[in-house]
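Accompanying notes for the structure given below.
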Amino acid sequence: MEDKETIEELKQPSSKKKEVVIHIKGLKKAFGEKEVLKNINLDVHRGENVVILGKSGTGKSVTIECIAGMLAPDEGEVKVFGDEVAGMTEKQLKELRTKIGFLFQSGALYDSMTVRENLEFPLKRVLKVRDQAEIDSRIEEALDGVGLMDAIEKMPSELSGGMRKRLGLARTLIVKPEIMLYDEPTTGLDPVTSREISQLILKMQKKYKTTSIIITHDMECAEITADRVVVMNDGEYIAEGSFEDIKRSKDEFVRSFF
Amino acid sequence: MAEQALSGWKKWLEGSGDQVIFLKGFFRNMFRGGFEWSEFVRQCYEIGYKSFTLVGVTAFIMGLVLALQLRPTLVSFGAESMLPRTLAISIIREIGPVITALICAGKIASGIGAELGSMKVTEQIDAMDVSGANPMQYLVVTRILATTFMVPLLTLLGDVIGLAGGFLAININGKVTLMLYYSKCIDSIGFSDLLPAFIKTIFFGFVIGFIGCYKGYNSNKGTESVGISANSAVVAASLWIFVIDAIVVQVSNIIIY
Ligand SMILES: Nc1ncnc2c1ncn2[C@@H]1O[C@H](COP(=O)(O)OP(=O)(O)OP(=O)(O)O)[C@@H](O)[C@H]1O
Ligand SMILES: [Mg+2]
């Protein structure tokens, strides 16, 4: 990790050389009276892992829901691959979503389907893979990655909390999306599994050049995966830099995470 | 009071608008290509096959009771031989379709409402949507078509079993054979009895699936909303069944006579 770089240095070369994949500017979002996002600005470059830290209920999930087009912003722009998400037709949005992987905080497993069917679903219906041999080998690869090979014929209700989390991760990663939005990938897992998941996120980045936003409260996960960390409080980003920068920050709020 | 009533109307209007949009979504996704055949067949099994017993038992008892109730009246007019004919017409025209549809509203519409509602609450529908799959096509189109297809079949089954129930009641005295009874029933039914009854069951089936899906798919997040979806699906579907019944009877009377 390039811990010597300051925030400025880190930003400069990347914005010149690397393509901006996700561009958020002046994003605002309110639910009724409650202003959740007040002014969010963020550029994520191709192949970069950005970790978002922040207290519960500050709008981290809302931010990535705006990126995936599940929520429409009240103000400001959210561009993915250079196109405004809010202005897309249904078809364009569908197209974009095949390139985005979204790991739900709750897992959102299809609970009427077995583990295998959960993984088959995106392969058959999003990537339209028809070849059963290819489907099987990809399922195997995905389950191996999260260590769930034994559970392949189980129903989600028969899995433990951590296993459910890992299955959710496998289901999202199986389509090898260009952008990954992880909503608390390691919450509720034991330290060993957490570390394995963090390594897996890192591996995805290296192997497939995946661009990722990772929301987490787990400092170890942040340390392992982050190229850049942004800290969020009260609807705004208040600090940004490499993990080491953030760790050395003087700001009391930022410090309280460590 | 007035304000409350006004906001109630506004909500109702908004709801109607949403339903029209949902209906449009259904038709668009039905003809989109990539029809989910295996899920459709599975839903037909879940929805249709698993309701056979319930519909059968209810229809049998209805037929039996109806025959027992009709009999004294017909006997007092000396028209006991009219019993099979009266039974056949009332069961096939009205009682079979409506009772079957109401039972299906209670069992199927609530089931769909609760199932899709809980999928909504646990973000499964969002997950399908955001992954680029098509939940309208996979979940909604298959279910609505399955009910549209299965409710008429269930009604047919209900009619036949209902008549069998009537036979049992008549045959307590053992005067008529089953063959004679059924042939008498069939003779007394005309095309003008069958066709409107059949058409109406198709609408019943559609409305059961549609309301169930709509209520479930649009349920709010939160556990209690699953119950609300299931409940309001039954209420709305039952109401629609009576409305459709009234309309179809009126229209077919105008056309046929
Ligand atoms: N669909 C919605 N409707 C209304 N309010 C919402 C909705 N989604 C989120 N909120 C509100 O927005 C705020 C931020 O929610 P969000 O889920 O983004 O928090 P978070 O930062 O992800 O927190 P956590 O770390 O606990 O997941 C919360 O106060 C929540 O009540
Ligand atoms: Mg969250």
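For peptide A:120-130, how many partner chain Cβ atoms fall within 10 Å of a residue's Cβ, on average? Spell out each step's value before the answer.
On the way: counts 0, 5, 5, 0, 2, 10, 5, 1, 1, 0, 0.
Rounded to a whole number, the mean comes out at 3.
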Report summary line: Heavy-atom accessible area with a 1.4 angstrom probe orders B:Phe204, A:Phe253, most exposed first, as A:Phe253, B:Phe204
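From the convex hull of the Cα coordinates of the protein assembly as shown, what is the mean projected area in square nanometres?
Values: hull surface 126.8 nm².
Computed as one quarter of the Cα hull surface, the answer is 31.7 nm².
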Report summary line: The answer for chain B, counting only DSSP H helices whose Cα atoms cover 24 angstrom or more along the axis and whose Kyte-Doolittle average is 0.0 or greater, is B:52-76, B:142-170, B:191-217, B:224-256
Query raised in the report: To the nearest 10 square angstrom, what accessible area does B:Tyr45 show with a 1.4 Å probe?
Result: 110 Å²
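Largest first, how would A:Ser106, B:Ser110 line up by accessible area (1.4 Å probe)? Please report the intermediate quantities before stating the final value.
Details: A:Ser106 70, B:Ser110 25 Å².
Sorted by accessible area, descending: A:Ser106, B:Ser110.
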Query raised in the report: For the residue pair B:Leu194 and A:Phe258, what label-to-label distance in nm results when each label sits 7 Å from Cα along the Cα-to-beta-carbon direction?
Result: 8.3 nm
Requested in this report: Please find the FRET efficiency linking B:Met179 to B:Ile255, where r is the Cβ-Cβ separation and R0 is fixed at 25 Å, and quote it to the nearest 0.05.
Outcome: 0.15
Query - Calculated FRET efficiency for the pair A:Lys124/B:Ser16, C-beta based, R₀ 41 Å, to 0.05 - result: 0.70
Report summary line: Per residue of B:119-129, other chain Cβ atoms within 10 Å number on average 6
Query - Ranked by how many other beta carbons lie within 10 Å on average, peptides B:10-19, B:141-150 from highest - result: B:141-150, B:10-19
Query - Euclidean distance between Cα centres, the range A:164-242 to the range A:107-144, Å - result: 22 Å
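Ignoring ligands, DNA and RNA, what percent of the 1.4 Å accessible area of the protein assembly as shown is carbon and sulfur?
Values: 14900 of 24820 Å².
In the protein assembly as shown, the share of accessible area belonging to carbon and sulfur is 60 percent.
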Report task. Go through A:Arg125, A:Arg195 and list them by solvent-accessible area, largest first, probe radius 1.4 Å. Result -> A:Arg195, A:Arg125
Query raised in the report: At a probe radius of 1.4 Å, what is the per-residue accessible area of A:Asp190, in Å² to the nearest 10?
Result: 70 Å²
Report task. Provide the solvent-accessible area of A:His23, counting protein heavy atoms only and rolling a 1.4 Å probe, rounded to the nearest 10 Å². Result -> 50 Å²
Report task. Using only Cα atoms, locate the centre of the range B:222-255 and the centre of the range B:74-137, then give the distance between them in Å, rounded to an integer. Result -> 10 Å
Query raised in the report: Of A:Lys94/A:Lys124; A:Lys94/A:Lys128; A:Lys29/A:Lys165; A:Lys99/A:Lys209; A:Lys25/A:Lys203, which pairs sit farther than 18 Å apart, going by alpha carbon to alpha carbon?
Result: A:Lys29/A:Lys165; A:Lys25/A:Lys203
Requested in this report: Find how much the distance from A:Asp74 to A:Lys250 grows on full extension, using 0.36 nm per residue of separation minus their present alpha carbon separation; answer in nm with one decimal.
Outcome: 60.1 nm
Report summary line: When the charge dipole of the protein assembly as shown is computed with +1 on Lys and Arg Cβ and -1 on Asp and Glu Cβ about the Cα centre, the Cα farthest towards its positive end, among A:Ile215, A:Ile67, B:Val176, belongs to B:Val176
Query raised in the report: What is the mean number of Cβ atoms from other protein chains located within 10 Å of the Cβ atom of each residue in peptide B:147-156, rounded to a whole number?
Result: 0
Query raised in the report: Which percentage, to the nearest 5, of the DSSP beta bridges contained in the protein assembly as shown is antiparallel?
Result: 50 percent
Report summary line: Binned at 5 Å starting from 0, the alpha-carbon pair-distance distribution of the range B:37-256 in whole percents comes out as 1, 8, 14, 16, 16, 13, 10, 8, 6, 4, 3, 1, 1, 0, 0
Report task. Just the number, please: buried accessible area between A and B, total of both chains, 1.4 angstrom probe, nearest 100 square angstrom. Result -> 1600 Å²
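Roughly how many Å² is the accessible area per residue of the protein assembly as shown, as a whole number, for a 1.4 Å probe?
Here the per-residue accessible area is 48 Å².
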Query - Selected from B:Gln43, B:Gly227, B:Leu194, residue furthest toward positive end of dipole (the range B:37-256; charges at beta carbon) - result: B:Leu194
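Select from the range A:17-102 those GluC sites (Glu not before Pro) which occupy a DSSP coil region and have at most 12 other Cβ atoms within 10 Å, ordered by residue number. Provide the component values of the computation, followed by the final result.
Values: sites: A:Glu19, A:Glu33, A:Glu35, A:Glu48, A:Glu65, A:Glu75, A:Glu77, A:Glu84, A:Glu90, A:Glu95; in loops: A:Glu19, A:Glu33, A:Glu48.
Taking the range A:17-102 and a limit of 12 other Cβ atoms within 10 Å, the loop GluC sites (Glu not before Pro) found are A:Glu19, A:Glu33.
Estimate the FRET efficiency between A:Arg116 and A:Met219 by the formula 1/(1 + (r/R0)^6), using the beta-carbon distance for r and 35 Å for R0, to the nearest 0.05.
Working: r = 35 Å, r/R0 = 0.99.
My answer for the efficiency is 0.50.
The values are calculated or read from the model by the stated rules, or taken from the named source; none is laboratory data. Worth saying up front: this structure is predicted, and the values here are computed from it rather than measured. Positions of Cβ are generated from backbone atoms using ideal geometry, with glycine treated the same way; all protein chains shown enter the neighbour counts. Please note that ligands, DNA and RNA were not included when accessible areas were found on the heavy atoms of the full protein model with its side chains. Shrake-Rupley method; radii C 1.70, N 1.55, O 1.52, S 1.80 Å.
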